[in-house]
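Here's the structure we're looking at; comments come further down.
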Amino acid sequence: MRSLFLFLLLLNILYALWQLQSGGVAPDRELEAMPAQAAQLDPVSQAPGGASSSPSAEGEQEPSAKALGGAPAALCIRLGVFADRSEAEQLRQRLLALDVSASLIEDELVSSSDYWLVMPVAGGTAGALAKLSLLQEQGIDSFVITKGPLAGNISLGVFSREDYAAARQAQLQADGHDVEIKPVEKLRSQFSVEVPPEARRLVGQTLLLRLREDFPDMQHQYQACSAVANAGNIP
């Protein structure tokens, strides 16, 4: 009987050791491993507050949308350009008759430069007239400049090319005359018609085709509206 009791006690001890080795520690290890595995499978849990650490497509577009946010720049339609003011005015009147707001725009462009031979003169108008008289007595073609930034000086010729002006300057300097070359820009005007943003929707392809029948050289483009309206734009 005693041997049987010892045998059963030893058997229980062995059974308990077997349970500890096979299943007793596993639950604790699984509980420790599960959070790490879940963190690897679920990227959302890696960012604070439950947010994903990898940006989504919407998240990448949002800064661009904010950068482009705010009121868009107002674009007008420019119709033209015309060298003749009257032609641009005819187009404007045509648009106004169709209840399309339009303004006449005049732009000045530098077309070329002239080169003036200028003799500086001291003494105002009296000194310029006295010097002019001496030059004309010597047979030198000259006149007093009365307008512009060079007013009060004497012009000894206007040339379209700088080398021609330089050649004449050398001749006059050889005769003892102090002469300078002054480039003067020649401006030309061009005209166009501007349709404001609120009336832009009224100028469609159908209307543009109709307008080109009477204005064959007319082009159109979208651009920023003119900051200052030109005079005479009030219908």
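The values are calculated or read from the model by the stated rules, or taken from the named source; none is laboratory data. Remember, it's a predicted structure, so these values are computed and weren't measured experimentally. Quick reminder, even Gly has a Cβ in these numbers, built from the backbone with ideal geometry, and neighbours come from all protein chains shown. Surface areas here come from the heavy atoms of the whole protein model, side chains and all, with no ligands, DNA or RNA. Shrake-Rupley method; radii C 1.70, N 1.55, O 1.52, S 1.80 Å.
Evaluating 6.51 cos²θ - 1.76 cosθ + 1.60 at θ = phi - 60° for every residue in the stretch 136-150, the Karplus couplings come out as 5, 5, 8, x, 9, 5, 7, 7, 7, 7, 10, 10, x, x, 9 Hz, glycine and proline recorded as x. Using the average count of surrounding beta-carbon atoms within 10 Å as a protection proxy, the listed peptides 113-121, 91-99 rank, highest first, as 113-121, 91-99. Only one residue of A151, L79, A170 has its Cα farthest out toward the positive end of the dipole of the stretch 74-176, where Lys and Arg carry +1 and Asp and Glu -1 on Cβ, and that residue is A151.
Within the accessible area of the stretch 124-235, the carbon and sulfur atoms contribute 51%, probe 1.4 Å, all protein chains present. At q = 0.13, 0.24 Å⁻¹, what log₁₀ I(q)/I(0) does the stretch 111-188 have when each alpha carbon counts as one equal point scatterer in the Debye sum? The Debye formula, applied to the Cα set alone, gives -0.38, -1.16.
What does the charge dipole of the stretch 111-188 about its Cα centre add up to, to the nearest 20 debye, if the Cβ of each Lys and Arg holds +1 and the Cβ of each Asp and Glu holds -1?
Values: 7 positive and 9 negative charges, 60 e Å.
My answer is approximately 280 debye.
Placing dummy labels 7 Å off each Cα toward the beta-carbon, the span from I140 to E213 is 6.4 nm.
Assuming R0 = 41 Å, can you tell me the calculated FRET efficiency for the pair A74 and L129, based on Cβ-Cβ distance, to the nearest 0.05? Using R0 = 41 Å, I get an efficiency of 0.15.
The order of the peptides 100-106, 148-154 by mean Cβ neighbours within 10 Å, most packed first, is 100-106, 148-154. Surface exposure of the stretch 111-188, expressed per residue as accessible area with a 1.4 Å probe, stands at 61 Å². The residues neighbouring L150, those whose beta-carbon lies less than 12 Å from its own, together hold a net charge of 0 under the Lys/Arg +1, Asp/Glu -1 convention.
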